[in-house]
Amino acid sequence: MSDSNFKLWVDKLYSLALVPIHLIPQAIAVIEKSIPNGAQPIYDYFKENWLSRPLESWNISTNKGPKTNNHPEGFHCKFNRNLGAAHPNIYKLIRFFKTREANVSVDFATIKLKRFESLKPRKNKNINREIKFNYIIRDLLENKISIEDFF
């Protein structure tokens with residue numbers, strides 16, 4: 001088994017989060033048919049820790065908006081950068097949360113007033129990626145592509 005084939009198989013595991021829930025059993029069958037040599041323990045772990053949970057708890061196929069965790073990652077990056085220490089003093093921590101709360105309040109008021117032009121626009125590459133993804137999902141749901149083609 002080559003490294004590239006193994007990576008493609010692991011990517012199928014990641015992709016399950018994007019497969020419409022009613023197609024998950026078909027997708028799992030495709031994944032199980034193609035388990036590479038030596039990857040059974042990985043699949044067993046995945047099955048035990050993810051497939052045993054309710055699908056709605058980890059499947060993001062019906063999400064409207066971002067399908068990543070970039071927003072929380074961005075918050076944590078900003079949080080760590082602004083605090084500048086793994087264990088900041090309490091006053092610095094309080095100052096950070098006060099500033100963050102004020103910024104969120106302004107953003108919320110802006111959204112409430114429907115003045116979106118002042119909010120940070122989404123990047124074109126992210127918009128295009130989402131459009132492309134939506135076309136692929138539409139084709140999958142309309143049986144224009146198979147679950148094998150999805151992967």
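Nothing in this text is a laboratory measurement; each read-out follows from the coordinates by a stated rule. This structure is a prediction, so every number in the text was calculated from the model and none was measured. Positions of Cβ are generated from backbone atoms using ideal geometry, with glycine treated the same way; all protein chains shown enter the neighbour counts.
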- R0 of 22 Å, Cβ-Cβ distance Thr62-Ser146: FRET efficiency to nearest 0.05: 0.60
- Note on the structure: In deg cm²/dmol, rounded to the nearest 500, the helical mean residue ellipticity at 222 nm of the chain, built from -39500 (n - 2.57) for every DSSP H run of length 4 or more, is -18500 deg cm²/dmol
- Note on the structure: Cα-Cα longer than 18 Å, checked against Lys78/Lys98; Lys123/Lys144; Lys7/Lys33, kept in input order, equals Lys123/Lys144
- So, over other residues within a Cβ distance under 15 Å of Ile31, counting Lys, Arg +1 and Asp, Glu -1, the net charge is -2
- Query: Based on the Cβ-Cβ distance of Lys7 and Arg100, what FRET efficiency does E = 1/(1 + (r/R0)^6) give at R0 = 35 Å, to the nearest 0.05?
  - Reply: 0.40
- Task: Report, in order of residue number, the helices in the chain meeting two criteria: a C-alpha extent of 27 Å or more along the helix axis, and a mean Kyte-Doolittle hydropathy of at least 0.0; treat each whole DSSP H run as one helix.
- Result: 90-112
- Query: Can you list the residues of segment 84-104 with backbone N under 18 Å from a point 7 Å past the Cα of Leu113, pointing along Cα to Cβ?
  - Reply: 102-104
